[in-house]
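Reviewing the structure listed below.
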Amino acid sequence: MNWRKGGDGGVSRRWAVLLCLGSFCLGLLFTNRMWTLPEATEIARPNQNDEEGGKVAAGDCGSKKVQELQSYKDVLQVQDAHQDVQTLDKTIASLETELSAARTLQESLLNGSPVAEEFKVSESIVKRKYRMVIGINTAFSSRKRRDSIRYTWMPRGEQRKKLEEEKGIIIRFVIGHSAISGGIIDRAIEAEDRKHGDFMKIDHVEGYLALSGKTKTYFSTAVSLWDADFYVKVDDDVHVNIATLGQILSKHAWKPRVYIGCMKSGPVLSEKGVRYYEPEHWKFGEPGNKYFRHATGQLYAISKDLATYISINKHVLHQYINEDVSLGSWFLGLDAEHIDDRRLCCGTPPDCEWKAQAGNICAASFDWKCSGICNSEGRIWEVHNKCAEGDKALWNSTF
C-alpha cells in the first residue's frame with residue numbers, strides 16, 4: 001500500500017493526521033479514567049492527621065515541661081515560705097491583739113462605758129512590754145478586803161508606779177458596774193479610785209453568778225490595755241508574794257500557750273442548793289463524774305496568746321456557772337500546756353510559814369475550806385507577817 005499517494009487503495013495524508021489526533025484523544029481519555037487522581041482534600045488528610053498528631057504530642061510534651069517547671073517553682077516557694085512562718089505567726093498575733101483592742105474600744109464607746117486612761121495613752125505611744133498583769137477580782141462590798149491588800153502585799157501610790165516602771169508588773173483591782181450604771185455604788189468606787197488609782201474598770205454587770213463573764217471580760221480588756229507576757233487573776237482574799245510569782249512565771253515565758261495554776265478535778269455537783277452546783281451537770285456524763293483538769297480559781301495565770309484567744313472569741317466561748325471550770329473548758333481544744341505548781345495554792349500558817357522557813361516560799365496562800373483566807377480582812381495580816389517574802393525580794397528580783 002502506498003501511504004504517500006492518495007487513491008482508492010490508500011489513505012490520504014489528511015486522514016492520517018486526523019486518525020492520529022483521534023487516537024491521541026482516545027489515549028488521553030483512557031488514561032484519565034484509569035489514573036484518576038484523588039482530590040486535594042483526600043491527599044491532605046493523612047498529612048493533616050500527622051500534623052495534628054504531632055501537635056498533640058508536642059502539646060503533651062510542652063504541657064509536661066510546663067507542669068514540671070511550675071512544680072519546681074512551687075517547691076522553691078514552699079521552701080522560702082517555710083523560713084518566714086515564724087515571722088508571719090508573730091505578725092498575725094500582733095495584728096490580732098491590735099484588732100482585739102480596737103474591738104474592745106469600739107464596744108466601750110458604743111455601750112457608753114468609760115475608757116480607761118491607760119488605753120487612751122497607749123493609742124498615742126508605742127506600748128511597752130510588761131512581765132505580767134495581776135488583776136485582783138473584787139466586789140462592791142469588799143472595801144475592807146481591798147484595804148487589807150493595799151497595806152500588806154500590794155505596793156501603793158508611788159511604789160506601785162515604780163513597780164510598773166522598773167519591774168514591768170501591773171496590779172489592779174478588777175471591778176465592773178452595777179445594773180444601773182452611775183448609781184451610788186458606782187460613785188463610791190469612783191471616789192475610791194480617785195484616792196488610790198488602782199482600779200481597772202471593765203464593761204461588766206457585777207454579780208456572783210456572773211464570774212465567768214467577768215473573767216472573760218477581764219482578760220479581753222487587760223490584753224487590749226497592756227502588752228504583757230502573762231495575765232494573772234487572783235481573788236481579793238488571797239495573799240500573794242509577787243516576786244515568787246514572777247519567778248514561777250518567768251520559767252515559762254518562752255512558751256507561747258501556757259495555763260498555770262494548781263490543777264484540780266473536783267466532782268460535778270448535780271444537787272440544787274449545794275455550793276458549786278453545776279446546772280449543766282448532764283454534759284459531764286453520769287452522776288458522780290468529775291470535771292476535766294483545770295486551775296483552781298483562787299489564782300491562775302495565762303500567757304498572752306491565750307488571753308488574745310479569749311479576747312478574739314469572747315462572744316462564742318461558753319460560760320459555766322463556775323468561772324474556773326469555764327476557763328479550763330476554753331483551753332480544752334487548744335494546744336495549750338497545763339502547768340501544775342503547788343506553790344500557787346499553799347495553806348495559811350502554819351503551812352506557808354513552815355515552807356518559808358525551809359526556803360520554799362509560797363506564791364499564794366489561802367484556806368481551802370473557805371476558798372480564800374477565812375476572815376481575810378483581819379487574818380491576812382497574820383499570813384503576811386509569817387509567810388511574806390519581804391520587800392527586798394521584790395525589788396532585788398531579776399525575773
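The values are calculated or read from the model by the stated rules, or taken from the named source; none is laboratory data. Every value quoted in this text rests on a predicted model; they were computed, and no experiment measured them. Glycine also receives a Cβ, built like all others from the backbone with ideal geometry; neighbour counts cover every protein chain displayed. Areas reflect the complete protein model, heavy atoms only, side chains present, ligands, DNA and RNA absent. Shrake-Rupley method; radii C 1.70, N 1.55, O 1.52, S 1.80 Å.
Sorting TYR276, TYR309 by accessible area (1.4 Å probe), largest first, what list results?
Highest to lowest solvent-accessible surface, that is TYR276, TYR309.
If amide H atoms are built 1.01 Å from N in the plane of the peptide, which residues on other chains or at least 5 residues away come under 5 Å of the amide H of HIS294?
Sorted by chain and number, the residues that satisfy this are LYS264.
Ordering TRP381, TRP153, TRP15 by how much accessible area each has at a 1.4 Å probe, largest first, what is the list?
Details: TRP381 110, TRP153 15, TRP15 165 Å².
Final ranking, largest accessible area leading: TRP15, TRP381, TRP153.
Please work out the Cα center distance from region 323-399 to region 258-291, rounded to the nearest Å.
Centre-to-centre (Cα) distance: 23 Å.
HN-Hα J couplings of region 331-345 from phi, Karplus 6.51/-1.76/1.60, θ = phi - 60°, integer Hz, Gly and Pro as x?
9, 4, x, 9, 7, 10, 8, 8, 10, 9, 10, 6, 6, 8, 8
Which one, VAL205, VAL258, SER220, is farthest towards the positive end of the dipole of region 171-295 when Lys and Arg carry +1 and Asp and Glu -1 on their Cβ?
VAL258
Which residues' amide hydrogens lie under 5 Å from the amide hydrogen of ALA228, considering only partners 5 or more residues apart or on another chain, with H built in the peptide plane?
Answer set, sorted by chain and number: TYR130.
Where Rh denotes the Kirkwood radius from the mean inverse Cα pair distance, what is Rg over Rh for region 129-192?
My calculation of the ratio gives 1.03.
Roughly to the nearest percent, how much of the accessible area of region 259-399 is carbon and sulfur, given a 1.4 Å probe?
For region 259-399, the apolar C and S fraction of the accessible surface comes to 50 percent.
Using only the Cα atoms, work out Rg/Rh for region 285-344, with Rh taken as the Kirkwood radius, to two decimals.
0.96
Want the number for HIS196 to PHE140: 0.36 nm per residue separation, take away the alpha-carbon distance, what's left?
Contour length minus the Cα-Cα distance gives 18.6 nm.
Could you sort LEU317, LEU327 by their accessible area in this structure, using a 1.4 Å probe and putting the largest first?
Result, largest first: LEU317, LEU327.
Of the cross-linked pairs LYS144/LYS369; LYS255/LYS290; LYS144/LYS392; LYS161/LYS290; LYS127/LYS251, which ones have a Cα-Cα span greater than 32 Å in the structure shown?
Checking Cα-Cα distances, LYS161/LYS290 exceed 32 Å.
Going by a ≥ b ≥ c, the root eigenvalues of the Cα gyration tensor, does region 240-349 fall in the rounded group (a/c under 1.5), the prolate group (a/b larger than b/c) or the oblate group?
Oblate.
Using θ = phi - 60° and the Karplus form 6.51 cos²θ - 1.76 cosθ + 1.60, what ³J(HN,Hα) does each residue of region 380-385 get, whole Hz, x for Gly and Pro?
5, 5, 4, 4, 5, 5
Using 7 Å Cα-to-Cβ label points, what is the SER265/TRP381 separation (nm, one decimal)?
For SER265 paired with TRP381, the spin-label model returns 4.3 nm.
Quick one: which residues, 5+ away or cross-chain, put their amide H under 5 Å from the amide H of VAL174? H built at 1.01 Å from N.
ILE136, ASN137, THR138, MET200
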